[in-house]
Amino acid sequence: MNRKKIIAGNWKMNKTALEGGTLAQEIAAAVGKETVVEVVLCPPFTALESVGRAIDGTAIRLGAQNMHPERNGAFTGEVSAEMLRALFTTHVILGHSERRMYFGENDAFINRKVLAALANQLRPILCVGETLTEREAGSTLAVVQRQIEGGLQGVTKEQITTIIIAYEPVWAIGTGKVATAAQAQEVHAFIRNLITKLYGQALAQKVRILYGGSMKPSNAPELLAQPDIDGGLIGGASLEERSFLDLITAAAAVNQ
Ligand code: PEP
């Protein structure tokens, strides 16, 4: 199955509106016509508008890093799917480990966001992954299974291929420690099997599963060559034009 690779940049809490617009313009100038790889930029909320303007008319897509499941109301500091859509956002990262860790998000709450995103024509990038303690305790697959099953509650067969899953071992995020290609492939294959059990093989073969965790141009080719790794969710290496473009080149090379 030839799944189109995705390279998504998660800028986290970095870049002002101005800085983000400038970086997006540089990326758009270099790969705005890229169609072999799906490129997604996920700036902070405050830079969605300037980045959206910079990539307008290109093949690059705009993603948010979070959203609230409710449509509107008394949720100070939060942003809804409808608000994101109004800024031409097409993707949204949900359940990132930093949200789970620092903001106490659990699978049930993340599931509400997944359903709200789908109801508003936003593509969720659902993040899952184990901590170092969980890996050392041998519970990696059980944790990932719980997060996937919890996150996908109520997601229908018609919706499942809209979802992008990102496997991000927490111990590899921003630490410079990358999962080996074999370690990552093992979990990616497990996730695809799980989706096969839940939704059937034909649909599971279409779902894109990204790897995230210190992916950079030097380790990307080996990771992206794995049969069940369909791209990358990139933190640190997405903040600088050169490394992000090199990751897109690496993904394009394996897609051909
Ligand atoms: C992330 O936070 O989604 C991520 C993968 O970060 P980094 O690439 O910096 O490890």
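The values are calculated or read from the model by the stated rules, or taken from the named source; none is laboratory data. This structure is a prediction, so every number in the text was calculated from the model and none was measured. A quick note on method: Cβ atoms are made from the backbone with ideal geometry, for glycine too, and the neighbour counts reach across all protein chains shown. Surface areas here come from the heavy atoms of the whole protein model, side chains and all, with no ligands, DNA or RNA. Shrake-Rupley method; radii C 1.70, N 1.55, O 1.52, S 1.80 Å.
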query: Could we say that ALA179 is crowded, with 17+ Cβ neighbours inside 10 Å, at pLDDT 95 or above, farther than 17 Å from PRO124 by Cβ and not polar (S, T, N, Q) here?
result: no
field: Selection from the range 117-136 of residues that are open to solvent by 60 Å² or more (accessible area, probe 1.4 Å) and part of a loop (DSSP other than H, G, I, E, B)
entry: GLN121
statement: Selection from the range 128-142 of residues of a type outside the set (Val, Ile, Thr) and touching a helix residue (DSSP H, G or I) at 6+ places or on another chain (Cβ under 7 Å) yields GLY129, GLU130, LEU132, GLU134, ARG135, LEU141
- request: Answer with yes or no whether GLY236 is within 27 Å of GLN25 (Cβ to Cβ), open to solvent by 10 Å² or more (accessible area, probe 1.4 Å) and of a type in the set (Gly, Ala, Ser).
  value: yes
message: Considering only residues that are touching a residue at least 60 places away in the same chain (Cβ under 8 Å), out of contact with any strand residue (DSSP E or B) (no Cβ under 7 Å at 6 or more places or on another chain) and either near the ligand (Cβ under 10 Å from one of its atoms) or of a type in the set (Ser, Thr, Tyr) (or both), which ones fall in the range 174-216?
response: GLY174, GLY213
query: Inside the range 1-28, can you point out the residues that are surrounded by fewer than 20 Cβ atoms within 10 Å (Cβ to Cβ) and within 20 Å of PRO217 (Cα to Cα)?
result: LYS4, LYS12, GLU26
Filter pass, ILE163 being more than 16 Å from the ligand (Cβ to nearest atom) and buried (at least 20 other Cβ atoms within 10 Å of the Cβ): yes
- prompt: Condition test on SER243, is it at positive phi and in contact (Cβ under 8 Å) with a residue 12 or more places away in the chain?
  reply: no
query: Residue check: is ALA179 among the small types (Gly, Ala, Ser), closer than 21 Å to ILE229 by Cβ and in contact with a Phe, Trp or Tyr (Cβ under 8 Å, 6 or more places away or on another chain)?
result: yes
field: Residue, farthest from LEU48 (Cα to Cα), within the range 69-94, restricted to residues that are surrounded by 12 or more Cβ atoms within 10 Å (Cβ to Cβ) and of a type in the set (A, V, I, L, M)
entry: LEU94
field: Among the residues listed as SER139, SER97, the single one being open to solvent by less than 60 Å² (accessible area, probe 1.4 Å), among the polar types (S, T, N, Q) and without any contact (Cβ under 8 Å) to a residue 40 or more places away in the chain
entry: SER139
- prompt: Any residue in the range 17-30 that is assigned to a loop (DSSP other than H, G, I, E, B), within 19 Å of the chain's Cα centre (by Cα) and free of Cβ contacts under 8 Å to residues at least 40 places away in the same chain?
  reply: no
